[in-house]
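This report refers to the structure that appears directly beneath it.
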Amino acid sequence: MSVYWLRKFRHGSDTSRAAALEDQLFARVLYSEQTPYPWDQESASLRLGTLMDGKPLMMPASALNQNALSTGTTGGGKTANDAGHAVETCDAEGAGAMAWGNSKRDLIQYFRAGLAHKLLRMQSSEATAILRRVVVLAPGSAHHLVPLQLLALPPGADPELLAFDVASSFANLSESAIGVRQEEDVDDVFALCIEFNLPITVAKRLLRSPELIVRLARRSRNPERFLAFALRVRRAANSDRQGGLIARFSRITRLRFMRLMLGGARSCIDFAVLMACLMIILVDLSAPDHGCEEALRFVGHFLWKRFVRAGLSRPIGSPHFPVFIDEFQELLAAGPDVGPDLERCLRLVRARGLSLHLATQSLAGLQKYSSSLPEILRVNTGLHFVFRGGDLWDSALPVTGKKRRSRLPWETEPRGNIFLSRAEEIAALRAQLETLPNRHCFVHDARTGRPAICMRTADVDLAMPEDCPSHIVEGLERGTLVLPVSELEAGLEEVEGRLAELADDTRLSEADDDGPVVLPELVTRKPTEPARLRGRRPVEMG
């Protein structure tokens, strides 16, 4: 037996020993000059999960003060991972968070369950302090009614801007767009309601009664605008254009509980105040079996506009407030202006203390909402969680260049280069990414310049505890802003009384100091002969 075979039998292959030494040297040179992982710091207190070698993966709570993105197929565990992070950020010392759920209620349910388990482990005083900061916004719930007087002007707000926001949400109520003249009518009716503190539930009545608009216009700060609006309403009476607007308003207010929230309340949710008070906000936009999908689309779009304006108006250096949005592509489908608003938030709200934690199944199809959104997501999200089938950029993959090529069964050593090329290693990592088990993901922190690392997410309690006290369950289901039905009904009766008073001709029309206003007759020119001969629609017909 030769000396070579004796040495190989006792010490192993010379090539394998040389490759192992090279791997150690490569690791020391590659990682010695780079920024350490956040979980390598001594202040790490947030448990992200468990590494493949069984070691816990810890991270400082401040590491979540950045925009994050989670991708992966359904059932991979991304929603539970976000819910766990949201629960960890909430404590009795005043830290707040927001969970924004769209059609899937998973994030809201997991967040409630995790928060309930956390409250049971706390002292009674600390649990009560957290429950007092819980705000639940569920417009589709017929039992937990919150103030949603969308046309109530917040202090210091611009009425024209508020009318524009509500009008844009109304225009995105359905896939069919409204006409240019309809947009003008909608903007005017909202501006009139805002000036006289009337809810959106009276808009349909105003469109059917130009005389009521005239009586309001005579007491308005801008009577010329609303008198012209009254002329347009009378001219378009019984037309398809006016009927289409009335039908849209009917779809919003046809359900009683929606009329109570939109018309009986005296105020509306103010995200600026809620975030300044570091409340724990749950926005549930799922549609139960009430047939209110269009109304939820309208209210959800308006709440998003309010949140964006509140986030962009926060002072620089405000306290940290994380916002977790599940399936954000459904939010993008609410309107064409949601994509640009999301881009602005990703670029600007980080300095104002807000961090967006977005989750979606895939980044494919984002170009149809905004051509620049995929690149802005890649640049402005520092923390990435990639679950099975998710999207991870090649630069974030843990490519070392030292992954050994698998040898054939009859080979003692692989032929040729024993290491995979960069392209082959990327292909192998992507194949591994497609077969990750549930609750396993690659986590990548772009601020460190280090490659992603594979982990198993931390355990999260996804079901409400069976022995949970009723006051905790009710507090997490209802929140602190729920209004009693009797108060909302009283608000609706007050609005009806004000409209009845305005409709009283003897007191509000004839007895006015300036005298009644007579609407002049509209002069309609006859269509020209060429237009009639060509079969075109004359401009004067509207």
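The values are calculated or read from the model by the stated rules, or taken from the named source; none is laboratory data. Because the structure is a prediction, the values reported are computed rather than measured. Positions of Cβ are backbone-derived with ideal geometry, glycine not excepted, and every protein chain shown enters the neighbour counts.
Here are a few things to note about the model shown:
- Test result for PHE298, in contact (Cβ under 8 Å) with a residue 40 or more places away in the chain, aromatic (Phe, Trp, Tyr) and farther than 23 Å from PHE111 by Cα: yes
Conditions tested, residue by residue: (1) surrounded by 18 or more Cβ atoms within 10 Å (Cβ to Cβ); (2) more than 35 Å from the chain's Cα centre (by Cα); (3) at pLDDT below 80; (4) more than 22 Å from VAL349 (Cβ to Cβ).
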residue: ALA18; (1), (2), (3), (4): no, yes, yes, yes
residue: LEU25; (1), (2), (3), (4): no, yes, yes, yes
residue: SER32; (1), (2), (3), (4): no, yes, yes, yes
residue: GLY49; (1), (2), (3), (4): yes, no, no, yes
residue: PRO56; (1), (2), (3), (4): no, no, no, yes
residue: ALA63; (1), (2), (3), (4): yes, no, yes, no
residue: GLY72; (1), (2), (3), (4): yes, no, no, yes
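- Of everything listed in (1) outside the structural domain of VAL135 (by TED's automatic domain parsing); (2) surrounded by 17 or more Cβ atoms within 10 Å (Cβ to Cβ); (3) within 37 Å of the chain's Cα centre (by Cα), the single unmet condition for ILE281 is (1).
- Among the helices (runs of 4 or more DSSP H) confined to segment 209-288, the ones with at least 1 residues that are within 29 Å of LEU331 (Cα to Cα) and basic (Lys, Arg) are located at 240-253, 256-259.
- Among the residues of segment 107-138, the one identified as among the charged types (D, E, K, R), buried (at least 19 other Cβ atoms within 10 Å of the Cβ) and part of a helix (DSSP H, G or I) is ARG112.
- Within segment 98-118, the set of residues being of a type in the set (Gly, Ala, Ser) and touching a Phe, Trp or Tyr at 6+ places or on another chain (Cβ under 7 Å) comprises ALA99 only.
- Residue pairs whose Cβ atoms lie under 9 Å apart, separated by 6 or more positions or on different chains, with the first residue in segment 480-505 and more than 26 Å from ALA138 (Cα to Cα) and the second of a type in the set (Asp, Glu), are ALA503/GLU211; ASP505/GLU211.
- In summary, ALA431 fulfils each of the numbered conditions (1) modelled with pLDDT under 85; (2) surrounded by 15 or more Cβ atoms within 10 Å (Cβ to Cβ) with the single exception of condition (2).
- Segment 433-445 residues that are touching a residue at least 60 places away in the same chain (Cβ under 8 Å), paired with ones that are in a helix (DSSP H, G or I) and surrounded by fewer than 21 Cβ atoms within 10 Å (Cβ to Cβ) (beta carbon under 6 Å, 6 or more apart): HIS444/ALA396
- Whenever a residue of segment 172-189 is part of a loop (DSSP other than H, G, I, E, B), its partners that are aromatic (Phe, Trp, Tyr), lying with C-beta atoms within less than 9 angstrom and at least six residues away or across chains, give the pairs ASN172/PHE298; LEU173/PHE298; ILE178/PHE170.
- First in segment 46-60 and of a type in the set (Val, Ile, Thr), second anywhere and at pLDDT 80 or above and not in a strand (DSSP E or B), Cβ under 9 Å, 6 or more apart: THR50/ALA458
- Just one residue in the set PRO336, PRO322, PRO340, PRO374 is under 18 Å from the mean Cα position of the chain (by Cα) and without any contact (Cβ under 8 Å) to a residue 24 or more places away in the chain; that residue is PRO374.
- When the residues of segment 266-321 are filtered to those that are at pLDDT 90 or above and in contact with an Asp or Glu (Cβ under 8 Å, 6 or more places away or on another chain), the one that is nearest to GLU493 (Cα to Cα) is PHE302.
- Single condition SER239 does not satisfy, out of (1) in the same structural domain as ASP188 (by TED's automatic domain parsing); (2) touching a Ser or Thr at 6+ places or on another chain (Cβ under 6 Å); (3) of a type in the set (Ser, Thr, Tyr): (2)
- Residue match in segment 504-519 (condition: small (Gly, Ala, Ser), loosely packed, with under 15 Cβ neighbours inside 10 Å, farther than 30 Å from GLY114 by Cβ and at pLDDT below 90): yes
- Unique match (being modelled with pLDDT under 85 and in contact with a Gly (Cβ under 6 Å, 6 or more places away or on another chain)) among ALA452, ALA446: ALA446
Let's see how each residue does on (1) part of a helix (DSSP H, G or I); (2) crowded, with 18+ Cβ neighbours inside 10 Å; (3) among the hydroxyl-bearing types (Ser, Thr, Tyr):
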{"site": "LEU348", "(1), (2), (3)": "yes, no, no"}
{"site": "LEU356", "(1), (2), (3)": "no, yes, no"}
{"site": "ALA359", "(1), (2), (3)": "no, yes, no"}
{"site": "SER362", "(1), (2), (3)": "no, no, yes"}
{"site": "GLN367", "(1), (2), (3)": "yes, no, no"}
{"site": "GLU375", "(1), (2), (3)": "yes, no, no"}
{"site": "ARG378", "(1), (2), (3)": "yes, no, no"}
{"site": "HIS384", "(1), (2), (3)": "no, yes, no"}
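- Of all residues in segment 205-243 being of a type in the set (Lys, Arg) and farther than 17 Å from GLU184 by Cβ, the one that is nearest to the chain's Cα centre (by Cα): ARG205
- Filtering segment 48-75 to residues that are under 21 Å from ASP391 (Cα atoms) and either touching a His at 6+ places or on another chain (Cβ under 8 Å) or among the β-branched types (Val, Ile, Thr) (or both) leaves LEU64, ASN67, ALA68, LEU69, SER70, THR71, THR73, THR74.
- The set of residues in segment 424-467 being within 27 Å of the chain's Cα centre (by Cα), of a type outside the set (S, T, N, Q) and part of a loop (DSSP other than H, G, I, E, B) consists of ARG439, ALA446, ARG447, ALA452, ALA458, ASP459, VAL460, ASP461, LEU462, ALA463, MET464.
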